[in-house]
Every structure is written in structure tokens, then in C-alpha cells.
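Structure record follows, encoded as C-alpha cells.
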Amino acid sequence: MSFPSKMMMVTVDPYVFWTFFASLVGFLLLGFLRRRNAGGYKRKTVMKKKATVADAEDGEFRMVPSSDTDVIIVGAGVAGSALACTLGKDGRRVHVIERDLTEPDRIVGELLQPGGYLKLIELGLEDCVEEIDAQRVLGYALFMDGKSAKLSYPLEKFHADVAGRSFHNGRFIQRMREKAATLPNVRLEQGTVTSLLEENGTVKGVQYKTRDGQELKAYAPLTIVCDGCFSNLRRSLCEPKVEVPSCFVGLVLENCQLPFDHHGHVILADPSPILFYPISSTEVRCLVDVPGQKVPSIANGEMAKYLKTVVAPQVPPEIQQAFISAVNKGNIRSMPNRSMPANPHPIPGALLMGDAFNMRHPLTGGGMTVALADIVVLQDLLKPLRNLNDAASLCEYLESFYTLRKPVASTINTLAGALYKVFSASPDEARKEMRQACFDYLSLGGTCSSGPVALLSGLNPRPLSLVLHFFAVAIYGVGRLLLPFPSPKHVWIGVRLIVGASGIIFPILKAEGPRQMFFPATIPAYHRAPPIRGDTTTK
């Protein structure tokens, strides 16, 4: 009976009871306070990591931590917005900085070739040409000296939906921006990037100014610059040899019926080509090429006079009145046509894309096709990478991008430059013969038509095929001169024609890089494996 009595004594002892109670309350209170402090610290840390910027004082820059961004994209045009969608869907955390997020209003970038549309499908962005009144384009119509030739895209082996698309450039870009903005890991911000941030030869991010004038810095393992033809960042990333062979003067013809439905129209005029193509169900874009860097003044009426007196008489009669009405309406705009071969300076942490990196004469409408094809190449290269933080290894690995892009880019670039020179009028007899031979060769139909059109449209990006067709045109021209009976004069013109054709295409091929174009497998980077394999998340 003694055991219960001892238990009773312990139980009722007030000192033991209150000591135990006080210790328990103190222990619980201490634990609660420590957890609260720790939780507050964690919340502050998480908030600091999640914050896009920190407060700036005394002119100091605010920062976007690298842990919040995998890729910074400078520019949200066709290349930038399509790239943001692509990388965002692949799970990358993307920060897009664009100077102006309102709908662009441009007179170029309005024709997407069928090869570009196939790349759009490959990227899962084909719905971006829907609901913008885009028009199907099935080929081209050539006009020269009162004659015409219809050149259709070779689409027989493709799905019925595959064709070219023409549209308002701004509507197309806005659709892609909207699609990118729906992705939770893509952030679009309006701001002007002023410089790249470099540290020990590696690009760490960008410095930019927001819409309200604040100076910020943003950091990421990879910065992709695609801020267009007026890029102020390309100089440190490539050798910018920009040529301006001509300017485009743009007009919009309203309620105009083109001679050939669903076709782009190319008039081989004097002094240079004129383009017509639909950009909506009620509008036709006209682009008049004016050689040189200076055009007649729009402000004082010189341009309107030039268009009416020089250009209008060369426009097909069916649309001549609509052309003059568009001139009288007065909404005339001009834009320099730039050409710049891709000549990169690989720098760890940065990459150039789009018109900031590579431009060609817009005569063939190949710019968007090249940009979308480049994105497909880059997407395939980045997919096996677990992280992007090893800048040196990533830079070495991505050197293969410059070779893998060559079949599409070089074919379209070379053809654009060569066709512009061939299609432009010249007083030289050999050049005249080359121009006429090109028109007649394309008018033959069959392979003589479908082959060059497949090259132009991005459906058959083979540089060797391009060179063969180009010299086939030259040989065809010489044959016309020598048959039925050669004369010394015609023999001499034929020799000059071959020499002139070589003088047109070989400098372009040299600028593009013959080894990368024709023998890509001999480039070491072509076979380079990813530095890191695994999932696509960045740590």
C-alpha cells in the first residue's frame, strides 16, 4: 500500500506541479518563437529570391537574380516572341525585354514562306496565323515586258494546310506575344536594353531601362539577342558588315484584285523589282524597290511623282488604277533593305539570332523562315541540357548552331542576294541577257520552275541545288545566244554572261562560308555532344 501513497504524494505536491507546468509552457513558448523567427527568415529569403527587383537608392541599379531566370531574350519581334514561346514550353524560365510591346506597324515581314510555315508547325505555333485575316499564298507570278509566268509552290507531298501565309506583321507578332505571356514561366517586360553585362569575358545578363525610366540589371546564364535590324548590341557578338543595296517604298492597295489569286506578284521593272501580295482579305501590299540608300523625298511630293511617272506605267493594267489611288491617298512609307552575312564572335553566355544576326535582301520574303528554322535548331541543341550555368562549355557546344543552321539560312540568303541582282535592270548587255534567261528558264515549268521555287520557299534548303540551278540559268542564257548560229558578238556576250553570273554568286557564297554550306561535317563543332545530359530543368 506504500506505493500508491508515494504516487499520491508526488501527484499532489504543488511545487513539483507548478515547476513542471512552468517548464512546459516555457519550452512550448521558446519553440514557438524560434519557429516564428525561422519562418520569418525563410519568408524573407524566399521573397528576396522571388522578387524581380530590389529597391534602388542613390542611382544604384536594381537586379533580377540569376536564380529566377534561365534565359534573357532581348527583343520580342518574330524571332524573340517565337523563341520565348518555344523555350517557355520546354520549361525554361524566360525573361523577355522588348522596347515597345504595342502592336508593331511595319511594311516588311509580312510573307511567311511554306518552309517557314512548316517550322511554325514544328514549334507548335501554327495557330498564331489564325484569327489575323492571314491569306494563303500558293506561289508567285512573274511579269516582264508584258509577259507573265505563274510559279506554284511544289506542295503536292504536304498536307493541304501547308502553304505560304501573308498577313499584317504586327498582328502576327502580337499573337505570338500573347501566346508567350500565357506561359507561367515567361515574363514579358517593356524596356530598352542599353548594354550587355560582361564579367571576365562572359556575358552575365543585360542592363536596361524600364518604361518609367528606371535603370535595372537582369542576370541569366544565357542571353539571346534578337532585337532586329537596328540592333545596338550586335557589335560585340558578330562582325556587322551591313550593306544597304536599296530601299523599299511601301503602299497599301485597298479592295484590289490581283491578276493571280493567292500568289505573290513580282514585276521585273526598271530599275528594280516591284512586289505585290495580299496582307488581308481587303488589302494588298505593294513594295517598290528603289536602288541606293536615298529615295525621293516623301514630304515634298517627289516620291509620289516618281511612283506615278516611273513606276505606275510598269504595273500590270489590272491594278494600275488601284496603285495610283494608293499613291494619291498619301500613306507612303520607306525602309532601307539591309544585307548582313552571319559572321559571329562566340562569347560565353550570349547568342545572336534573327535580323540582329543575319539579314538578306527581303525580295524573296525569307527572313521569317530563316528565323524560325534557327529556333528549331537551337531548341534541339538546348533540349538535352540539364543546366545552362557552365558558360564556357555551353558556348563551345553552341558553336554547332552556326553550322547546323547553314542549309536553310545560306540557301535563302544566297538566293535572295543573287535574284535581286539578276532581277534588277542594267544597261549591260550580258546582264540583260541573264535577266531574260532567268525569266524564260522559270517559265519553262517542270523542274526549271519547281526547283528554284522550292529553294526560295524553304522547302528544299540545299545549297548545291541552288548553285546548279543558278548556273543552269546562265548556261541556258548562253545557249539562247549561240543558237541557231553563233556570232562573235553573241559569243562575247555569252562569255561575259558566265563571268557576270560567277561575279554575282561567288562573293555571296564566300560571305556565307563555303565550307559550312557544302561540307558541314568537316566542322568540328558539327559533331560536338552536349556538355551535360539529363532533364531540361535548370538548377
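Points worth noting:
- Any chance Ser400 is over 11 Å from Leu222 (Cβ atoms), open to solvent by less than 10 Å² (accessible area, probe 1.4 Å), out of contact with any strand residue (DSSP E or B) (no Cβ under 9 Å at 6 or more places or on another chain) and assigned to a helix (DSSP H, G or I): yes
- All positions within the stretch 330-383 that are of a type in the set (D, E, K, R) and either buried (at least 24 other Cβ atoms within 10 Å of the Cβ) or touching a Lys or Arg at 6+ places or on another chain (Cβ under 7 Å) (or both): Asp355, Arg360, Asp374
- Considered as a group, the residues in the stretch 418-437 that are among the hydrophobic types (A, V, I, L, M, F, W, C) and part of a helix (DSSP H, G or I) include one that is most open to solvent (accessible area, probe 1.4 Å), and that residue is Leu419.
- Residue satisfying all of: in the stretch 509-539; open to solvent by less than 30 Å² (accessible area, probe 1.4 Å) and modelled with pLDDT of 90 or more; farthest from Asp428 (Cα to Cα) among these: Ile523
- One residue stands out among those in the stretch 438-490 that are polar (S, T, N, Q) and open to solvent by 20 Å² or more (accessible area, probe 1.4 Å): the one that is farthest from Glu122 (Cα to Cα), which is Ser487.
- Residues (free of Cβ contacts under 8 Å to residues at least 60 places away in the same chain, in contact with a strand residue (DSSP E or B) (Cβ under 7 Å, 6 or more places away or on another chain) and surrounded by 15 or more Cβ atoms within 10 Å (Cβ to Cβ)) located in the stretch 171-197: Ala181, Leu197
- Every pair of residues 6+ apart whose Cβ atoms lie under 7 Å, when the first sits in the stretch 505-530 and is within 17 Å of Gly417 (Cβ to Cβ) while the second is small (Gly, Ala, Ser) and in a helix (DSSP H, G or I): Ile505/Ala418; Ile508/Gly417; Ile508/Ala418; Glu512/Ser410; Met517/Ser410
- Qualifying residue in the stretch 223-235 (condition: open to solvent by 60 Å² or more (accessible area, probe 1.4 Å), at pLDDT 95 or above and not in a strand (DSSP E or B)): no
- Residue within the stretch 236-247 that is under 17 Å from Ala76 (Cβ atoms) and open to solvent by 10 Å² or more (accessible area, probe 1.4 Å) present: no
- Lone unmet requirement of (1) over 23 Å from Arg171 (Cα atoms); (2) assigned to a loop (DSSP other than H, G, I, E, B); (3) open to solvent by 10 Å² or more (accessible area, probe 1.4 Å); (4) touching a residue at least 40 places away in the same chain (Cβ under 8 Å) for Glu318: (2)
- Test result for Glu122, open to solvent by 30 Å² or more (accessible area, probe 1.4 Å), assigned by the TED database to the domain that holds Ile173 and modelled with pLDDT of 95 or more: yes
The values are calculated or read from the model by the stated rules, or taken from the named source; none is laboratory data. Small disclaimer: the values here were computed from a predicted structure and weren't measured. So basically every Cβ, Gly included, is an ideal-geometry build from the backbone, and we count neighbours across all protein chains shown. What goes into the accessible areas is simple: the full protein's heavy atoms, side chains included, and nothing from ligands, DNA or RNA. Shrake-Rupley method; radii C 1.70, N 1.55, O 1.52, S 1.80 Å.
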